[in-house]
Amino acid sequence: MDSERGTVRSAQAGVTNAPPDRARLPRSRRPVGEPALPGSSSPWILMYHSVAVEKEDPYQLTVSPERFAEQIAWLHRRGQRGVSVRELMRARAHGRDDKLVGLTFDDGYADFARYAVPILQAYGFTATAYVVADLLGQDNGWDTEGPRKKLLTVEEVTELASAGWEIGSHGLGHQALPGLPAEALAVQTRESRRLLEEVVGGPVTGFCYPYGAVDLPAAAAVRDAGYDYACAIAHSPLTGRYALPRCYVGDRDGAWRLRAKKGRHRLRDAVTELKRSRRDRPGGERAVAERRP
Ligand SMILES: [Zn+2]
């Protein structure tokens, strides 16, 4: 794994040092708001937090194992395969993602390994867990109400990564990024990545904004820290590789609600693309803004 990491690093260094005419656009200089694929809709990515039995759930973060199994079975029946966002983005780059759906688990709850993994494995699915790099083995102290939930430990994260589950960064201290000064943004993105790369023994290429909160400086910091993509929640003018929209899935979501949510996602994609094309066309909002003194 170390040699793989070395290869990625030296490949990136090679790009930076290449003469300008031959240099490829390095990953870290991609425009922040670019669509994941130009002109295309965004991939369908489901957002989970905790899979467990919970009496109290004020933030509606928890899906019961039974309900989760039903939702995964529903995807399977429809000929869809749940995958990590890393795998989804790779397949998408080759136009081979039409049967794939991204499965994401925010916060890195210990119940991911206990309940979600065995159900996903039964269907040959994979997923991404976004963990808070400096809180491994602790609990969700940032949620002041509701039950305390244990977070995955360092050992569990190492084990999950070596079994092929994607581990992404959810920053440090579960802090929202918008409004933080530049140095703090750099620490949140770079330091969390560095810590997690030590734990997983390989590259960490995915980021997920705590609370789904993203603005332009936050997305630029994530890009500059060398991540390949980042997950947000809502569609926005930043929708693209560094602000992938996701669909919240809760304990009330059976087959018809999931179908409706997929339709709503496609509709929001279409509206986002329409706004983007209006903004970018000659004489559009962006052109007008740029002409201002
Ligand atoms: Zn979170």
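Answer with yes or no whether Asp269 is modelled with pLDDT of 95 or more and not small (Gly, Ala, Ser). Answer is no for this residue.
Restricted to the stretch 48-59, and to residues that are touching a helix residue (DSSP H, G or I) at 6+ places or on another chain (Cβ under 8 Å) and either modelled with pLDDT of 95 or more or part of a strand (DSSP E or B) (or both), which residue is nearest to Tyr211 (Cα to Cα)? Explain how you work it out, then say what you get.
Going residue by residue through the stretch 48-59, those that are touching a helix residue (DSSP H, G or I) at 6+ places or on another chain (Cβ under 8 Å) are 48, 50-53.
If we keep only those that are either modelled with pLDDT of 95 or more or part of a strand (DSSP E or B) (or both) too, we end up with 48, 50-52.
On the way: Tyr48: 12, Ser50: 15, Val51: 18, Ala52: 20 Å.
Residue satisfying both the conditions and the ranking: Tyr48.
For the stretch 159-169, the condition of being touching a residue at least 24 places away in the same chain (Cβ under 8 Å), outside any helix (DSSP H, G or I), under 24 Å from Glu56 (Cβ atoms) and within 13 Å of the ligand (Cβ to nearest atom) holds for none of the residues.
Note down all Cβ pairs under 6 Å where the first residue falls in the stretch 238-262 and is of a type in the set (Phe, Trp, Tyr), the second is loosely packed, with under 13 Cβ neighbours inside 10 Å, and they're at least six residues apart or on different chains. If the second residue must be loosely packed, with under 13 Cβ neighbours inside 10 Å, no pairs are left. Residues in the stretch 171-229 that are under 18 Å from Leu136 (Cβ atoms) and among the charged types (D, E, K, R): Arg190, Glu191, Arg193, Arg194, Glu197, Glu198.
Could you please find all residues in the stretch 197-219 being of a type in the set (A, V, I, L, M, F, W, C), within 16 Å of the ligand (Cβ to nearest atom) and buried (at least 24 other Cβ atoms within 10 Å of the Cβ)?
Of the stretch 197-219, the ones of a type in the set (A, V, I, L, M, F, W, C) are 199-200, 204, 207-208, 213-214, 216, 218-219.
Going one step further and asking which of them are within 16 Å of the ligand (Cβ to nearest atom), we end up with 207-208, 213-214, 218.
Within the stretch 197-219, Phe207, Cys208, Val214, Ala218 meet the criteria.
Collect the residues in the stretch 263-286 that are assigned to a helix (DSSP H, G or I), surrounded by 13 or more Cβ atoms within 10 Å (Cβ to Cβ) and free of Cβ contacts under 8 Å to residues at least 24 places away in the same chain, keeping them in residue-number order. The answer is Glu285, Arg286.
Considering only residues that are closer than 21 Å to Tyr48 by Cβ and touching a residue at least 24 places away in the same chain (Cβ under 8 Å), which ones fall in the stretch 143-158? Full working, then the answer.
Keep residues of the stretch 143-158 that are closer than 21 Å to Tyr48 by Cβ, which gives 143, 145-153, 156-157.
If the condition is that a residue be closer than 21 Å to Tyr48 by Cβ and touching a residue at least 24 places away in the same chain (Cβ under 8 Å), then Asp143, Glu145, Gly146, Pro147, Lys149, Lys150, Leu151, Leu152, Thr153, Glu156, Val157 are the ones that fit.
Looking at Ser192 and the list (1) closer than 17 Å to Leu244 by Cβ; (2) among the polar types (S, T, N, Q); (3) touching a Ser or Thr at 6+ places or on another chain (Cβ under 6 Å), which single condition is not satisfied? Unmet for Ser192, out of (1) closer than 17 Å to Leu244 by Cβ; (2) among the polar types (S, T, N, Q); (3) touching a Ser or Thr at 6+ places or on another chain (Cβ under 6 Å): (1). Cβ-Cβ distances below 6 Å connect the following pairs, each with a first residue in the stretch 97-122 that is assigned to a strand (DSSP E or B), a second residue that is aromatic (Phe, Trp, Tyr) and away from the ligand (no atom under 16 Å from the Cβ), and a separation of six or more residues or different chains: Val101/Trp44. Taking the conditions (1) more than 19 Å from Gly108 (Cβ to Cβ); (2) in contact with a Leu (Cβ under 6 Å, 6 or more places away or on another chain); (3) within 16 Å of the ligand (Cβ to nearest atom) in turn, Val249 satisfies each one other than (1).
Restricting the stretch 101-133 to residues that are in contact with an Asp or Glu (Cβ under 8 Å, 6 or more places away or on another chain) and either among the small types (Gly, Ala, Ser) or more than 29 Å from Leu195 (Cβ to Cβ) (or both), which is farthest from the ligand (Cβ to nearest atom)?
Ala113
The residues listed here are Val204, Val222, Val199; of these, the one that is in a loop (DSSP other than H, G, I, E, B) and under 25 Å from Thr158 (Cα atoms) is Val204.
Just one of (1) in a helix (DSSP H, G or I); (2) more than 26 Å from Gly263 (Cβ to Cβ); (3) among the hydrophobic types (A, V, I, L, M, F, W, C) fails for Met89. It is (2). Considered as a group, the residues in the stretch 225-239 that are in a loop (DSSP other than H, G, I, E, B) and touching a Ser or Thr at 6+ places or on another chain (Cβ under 7 Å) include one that is nearest to the ligand (Cβ to nearest atom), and that residue is Tyr227.
If you go through the stretch 60-74 and keep only what is buried (at least 18 other Cβ atoms within 10 Å of the Cβ) and either of a type in the set (Ser, Thr, Tyr) or at pLDDT 95 or above (or both), you end up with Thr62, Val63, Phe68, Ala69, Gln71, Ile72.
The values are calculated or read from the model by the stated rules, or taken from the named source; none is laboratory data. Predicted model, so just to flag it, every value in this text is computed and none were measured. Virtual Cβ from ideal backbone geometry, glycine too; neighbours counted across all protein chains shown.
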